[in-house]
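What follows is a set of notes on a single structure, which appears directly below.
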Amino acid sequence: MSAFNAIGEEREIDREEFTPGIEPQPTWCPGCGDFGVLKSLKQALPEVGRTPEETLLVTGIGCSGKLNSYLDSYGFHTIHGRSLPVARAAKLANPGLEVIAAGGDGDGYGIGGNHFMHTARENHDMTYIVFNNEIFGLTKGQTSPTSPKGHKSKTQPSGSAKDPIRPLSLSLTSGASYIARTAAVNPNQAKEILKEAMEHDGFAHVDFLTQCPTWNKDAKQYVPYIDVQESDDYDFDVHDRQEAQEMMYETENVLKEGTVLTGRFYVDEDRPSYQEEKQAIGEMPEEPLAERYFDDDYEWERSYDLLDRHR
Amino acid sequence: MADNELIWRIAGGSGDGIDSTSQNFAKALMRSGLNVFTHRHYPSRIRGGHTYVEIRASDEVVDSRGDGYNFLLALGDSFARNPKENAYYGNEEVKPLSENLDELREGGIIVYDSGLLDASEIPDFEERAEENDWHVFDIDLRSMAREHGREIMRNTAGIGVTAALLEMDLDEIENLMENAMPEKILEPNRTILHEAYEMVNEEYEFDHDLRVPTGEHEEEQVLISGSNGVAYGALDEGCRFIAGYPMTPWTDVFTIMSQHLPKFGGISEQVEDEIAAAALALGASHAGVKAMSGSSGGGFALMSEPLGLAEMSETPIVLVEAMRAGPSTGLPTKPEQGDLEHILYTSQGDSCRVVFAPGTPQEAYEQTRTAFEMAYNYQIPAIVVIDQKLSGENQNVPASAFDRDPNPSLGPTLTEAQLEDAPHDPSGIFQRFSHDDPEDDGVRPRSLPGQKRGRFLVTGNEHNESGHIEEDPDNRITQMDLRMKKLESIREDLDSDPETSNQTYFGPDEADYGIVTWGSSQGAVREAVERLNDDGHSVKAIGVSDLMPFAEKEVTEFLESVDEALVVEMNATAQFRGLTQRELGQFGEKLTSLLKYDGNPFEPAEVVEGFEIQIAGNEEAPTANTRLEPAVSD
Ligand SMILES: Cc1ncc(C[n+]2csc(CCOP(=O)(O)OP(=O)(O)O)c2C)c(N)n1
Ligand code: SF4
Ligand SMILES: [Mg+2]
């Protein structure tokens, strides 16, 4: 018998279950792109058959990090940049959970950049949503790792001298096995992409363009946007690493010019997830580790049985 | 000083197998019925560089490396010998024979490998030997090894010579070799061992007094290091998840855990940095698996923020801080107790954590178990503080000390059935941070992700009963007070049974003077106290382990009962003495610190000397390497 009966439970799920009674109205600024993430996530979760109590949403710090105040599930609002290491350990501890990590562009590509690289490299079976508003929202509009070169802010009064990071390319190079970009202004595509990301068995990275009308007026609303899968102008194979790489490079280049390319950029269904890799070498148990602590019949191993080497 | 003791030093090149050779020799001594204690010294370098291990063996209890040594086995440093590397290591090659030679006791024995070492490179070697009545044996161990096997086997030749000179039986040594070596190298080693043994007996007349002591154990013993103690304590508490990033000396604990966890159905993760390591431990524990991480000073600094998150989110985790001498990269392979304040206070806000500093390998086992119990029962981070000294030193411990029930309890965690009746807010969110305090100890039972009826939010922000961000002052006070109350509850819990106190006492029950120390300095102090009492002083000591919540009652009682006390610790700013005064708010006029921060642990003689100077009122520094400093008044 499982101690975690929310996991794998089959039942009708109403999207309103994900609206917390406590703080139903988000306090994001009017017009903020973060609403789009919340909405599409609330739609996607029931459609992939996940309930609030089998979902663990782990967030960082930022306007984006407040996501789990407004989405009712198990939630862990961590510290700036550290959602990924918390999330991936929870997944290893209890792999039946639907683990989603989320945070801002500063959180994920800046202060938490090292974790992003390594979590992608390890291909943990989880979804990572980066609210990319190309700005530090919560701290009032400073330049972020994705802000375009020349972007002026209070801390970069003469405009940023730095080229922005290339989040899609970085993700691909690091080893993510599902990489997409969507935009808050495109909720239907966003929902579909989030569903695919959650169903993907590996690290699914969604760079989610979220306009910040308060601090980043330059980025407008990320409209008009183009879905690279729908448009006849773009023809590449999302399963082909080389082609994906070129497409990402172009996508990142044209964003500064106001051309918003979205869609799936890379999908690798063959790469084993980290859990599979670890189990294959015998370094992770087949049964969820978290269940063991509730198993009264489990014979716990003892250090006493290791003493031969010390005699 | 034990009347009849052997302090055997094997010195040579780092990477020449000195560790495994000495480990086996120590076990052989232990099996023969002796108490053993090992101390290792090595440079922060992979191969080459002078290194040594000392094994102290006696029929009496041995808790420290002792003073000096009485047997030196000096092997060559094969790396320093490499002609291409001469430029780097200069005179390093005679160090196995020359280093700390003054500390060799009168009447002591020197065996050196004349195949690799040239005693004439050491100034006045012969005169000094004569003056000190050293018995010197220059034996070409290298040729002996080459003749029957490979050059590296000269270690075994050295053991054979040692055994012959000490009139020690070869049986246990051979048994251990059989266990440790594959057939292919066992045979030549066995030949070399016997060859060396017989050669000494046939070719040398000797008139030294030193013999291997004899003793008997009442029960079976095992040779355990501080790092083993920590790891085994964690395993027996049901810890099945570790995340870490290598850093000396923490790496030992991490390695031991990583080797055993897969067999125990657990998970070990080497990750990108220490911030991640601590965050992973949090994530695993939050999801319902007993988890730990750890590091040494620099890596522990990176864990500051996740540590604070554990305090605020009331997520149980255990961290190990294996101190080495700082600041910064400091002396990477040398011990110091300089991280105390860092460990107690790092991370923003009021500290709300448990900190234990065990003093021996066995205490490392026991206190790591208690650390897990406190962490999980009280949903709080617990830190086990060890250092480069304790992590690497081995001591015999009765095997029965480990013959204990495992404790995989997660602490107050609700089942789905219990969650049905637990408090929920109107929208159905479990009130994990309820203002009600069911046991009046500050602890609110938790649920785990994936449980029905258990969903809640946890955040590093101040939060309300459902875990949602809340800045209301009344809620703030309630939540803060409940979290801080756990420290009081833990203190009461720890004080409830004096039998299981983490504090260690030695010396007579009543004495005029006291010595107070903490963590790994305990062993040297224990021996010093014995000697001081033998010399007619009236002195007793306490080794303190509970640093947070502080062992207030026990330390107060101890200090009240003495006229004056010496506080012994390995750092420059008397951090523990400061903590004691801060916690107790009195006794400043009674306390004088004895400090040492040269990269080496205290020897008992230094403590004896410090004590005598303090009592005699002499203001001179006791020795070149220690410092006396009176406390500022309270
Ligand atoms: C260690 C640390 N450094 C700095 C901060 C302050 N801080 C909070 S959010 C944030 C940046 C937010 O930007 P982003 O991650 O892009 O999130 P957004 O608000 O735009 O959604 C910063 C710098 C912090 N909380 N912790
Ligand atoms: S500051 Fe920007 S990102 Fe933050 S809530 Fe307002 S609009 Fe959204
Ligand atoms: Mg941002």
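The values are calculated or read from the model by the stated rules, or taken from the named source; none is laboratory data. This structure is a prediction, so every number in the text was calculated from the model and none was measured. No Cβ is skipped: glycine too gets one built from the backbone with ideal geometry, and neighbour counts run over all protein chains shown.
Determine which member of the set A:Gln211, A:Gln245 is polar (S, T, N, Q), within 16 Å of ligand 3 (Cβ to nearest atom) and in contact (Cβ under 8 Å) with a residue 60 or more places away in the chain. Don't jump to the end; show me each part of the working.
Working: A:Gln245 fails: within 16 Å of ligand 3 (Cβ to nearest atom).
From the options A:Gln211, A:Gln245, the qualifying one is A:Gln211.
Only one of A:Lys91, A:Lys154 is farther than 19 Å from A:Thr210 by Cα, away from ligand 3 (no atom under 16 Å from the Cβ) and among the charged types (D, E, K, R); which? Quick ask: steps written out before the conclusion?
Numbers: A:Lys154 fails: away from ligand 3 (no atom under 16 Å from the Cβ).
Checking each option against the conditions leaves just A:Lys91.
Here B:Gly298 passes the criteria (1) without any contact (Cβ under 8 Å) to a residue 12 or more places away in the chain; (2) out of contact with any strand residue (DSSP E or B) (no Cβ under 9 Å at 6 or more places or on another chain) except the one numbered (1).
If you scan region B:401-429, which residues turn out to be farther than 30 Å from B:Tyr345 by Cβ and more than 9 Å from chain A (Cβ to nearest Cβ)?
So the first thing to find is which residues in region B:401-429 are farther than 30 Å from B:Tyr345 by Cβ, and the list is B:401-406, B:408, B:414-429.
The answer is B:Ala401, B:Leu414, B:Ala417, B:Gln418, B:Leu419, B:Glu420, B:Asp421, B:Ala422, B:Pro423, B:His424.
A:Gly110 falls short on exactly one of the conditions (1) of a type in the set (Gly, Ala, Ser); (2) more than 10 Å from chain B (Cβ to nearest Cβ); (3) surrounded by 24 or more Cβ atoms within 10 Å (Cβ to Cβ); (4) farther than 15 Å from A:Leu67 by Cβ, and that condition is (3).
Among the candidates A:Glu122, A:Glu196, the residue that is more than 16 Å from ligand 3 (Cβ to nearest atom), within 14 Å of chain B (Cβ to nearest Cβ) and touching a residue at least 12 places away in the same chain (Cβ under 8 Å) is uniquely A:Glu122.
Suppose we filter B:Val555, B:Val567 for residues that are in contact with a helix residue (DSSP H, G or I) (Cβ under 7 Å, 6 or more places away or on another chain), buried (at least 19 other Cβ atoms within 10 Å of the Cβ) and assigned to a strand (DSSP E or B); which single one remains? Within the list B:Val555, B:Val567, the selection yields B:Val567. Under the condition of being of a type outside the set (A, V, I, L, M) and under 22 Å from the mean Cα position of the chain (by Cα), the residues counted in region B:531-561 number 5. Out of all the residues in region A:109-137, which are in contact with a helix residue (DSSP H, G or I) (Cβ under 8 Å, 6 or more places away or on another chain) and within 7 Å of ligand 1 (Cβ to nearest atom)? Scanning region A:109-137 gives A:Phe131, A:Asn133, A:Ile135, A:Phe136, A:Gly137.
Given the residues A:Leu92, A:Leu41, which is the only one that is in contact with a Gly (Cβ under 9 Å, 6 or more places away or on another chain), among the aliphatic types (A, V, I, L, M) and touching a residue at least 40 places away in the same chain (Cβ under 8 Å)?
On the way: A:Leu41 fails: in contact with a Gly (Cβ under 9 Å, 6 or more places away or on another chain).
Criteria check complete, one pass: A:Leu92.
It is to be established whether one or more residues within region A:10-26 are within 17 Å of A:Ala102 (Cβ to Cβ), surrounded by fewer than 17 Cβ atoms within 10 Å (Cβ to Cβ) and within 16 Å of ligand 1 (Cβ to nearest atom). Yes - at least one qualifying residue is present in region A:10-26.
From B:Ala279, B:Ala291, grab the single residue that is modelled with pLDDT of 95 or more and within 16 Å of ligand 1 (Cβ to nearest atom). Walk me through it before giving the result.
Details: B:Ala291 fails: within 16 Å of ligand 1 (Cβ to nearest atom).
Within the list B:Ala279, B:Ala291, the selection yields B:Ala279.
Output the helices (runs of 4 or more DSSP H) that fall wholly within region A:33-99 and possess 1 or more residues being more than 14 Å from the chain's Cα centre (by Cα), within 7 Å of another protein chain (Cβ to nearest Cβ) and surrounded by fewer than 24 Cβ atoms within 10 Å (Cβ to Cβ), or say none. It would help to see each step written out before you state the result.
Numbers: elements: A:34-47, A:67-70, A:83-93.
Correct list: A:67-70.
For region A:71-83, the criterion of being among the hydroxyl-bearing types (Ser, Thr, Tyr), without any contact (Cβ under 8 Å) to a residue 24 or more places away in the chain and away from ligand 1 (no atom under 16 Å from the Cβ) is satisfied by at least one residue. For region B:168-237, the helices (runs of 4 or more DSSP H) that sit wholly inside it and include 2 or more residues that are in contact with a Lys or Arg (Cβ under 8 Å, 6 or more places away or on another chain) and within 14 Å of chain A (Cβ to nearest Cβ) are B:171-180, B:226-236.
Residues that are away from ligand 1 (no atom under 16 Å from the Cβ), without any contact (Cβ under 8 Å) to a residue 24 or more places away in the chain and farther than 19 Å from A:Asp107 by Cα do not occur anywhere in region A:47-65. Search region B:176-225 for residues being out of contact with any strand residue (DSSP E or B) (no Cβ under 9 Å at 6 or more places or on another chain) and of a type in the set (Ser, Thr, Tyr), and hand back the single one that is surrounded by the fewest Cβ atoms within 10 Å (Cβ to Cβ). This residue is B:Thr214. Of the residues making up region B:220-256, those that are closer than 17 Å to B:Ala371 by Cα and among the charged types (D, E, K, R) are B:Asp236, B:Glu237, B:Arg240.
Please count how many residues of region B:501-516 are under 24 Å from the mean Cα position of the chain (by Cα) and without any contact (Cβ under 8 Å) to a residue 60 or more places away in the chain. Steps first, please.
Going residue by residue through region B:501-516, those that are under 24 Å from the mean Cα position of the chain (by Cα) are B:501-507, B:514-516.
Imposing the further condition that a residue be without any contact (Cβ under 8 Å) to a residue 60 or more places away in the chain reduces the set to B:501, B:503, B:505-507, B:514.
Of the residues in region B:501-516, 6 are under 24 Å from the mean Cα position of the chain (by Cα) and without any contact (Cβ under 8 Å) to a residue 60 or more places away in the chain.
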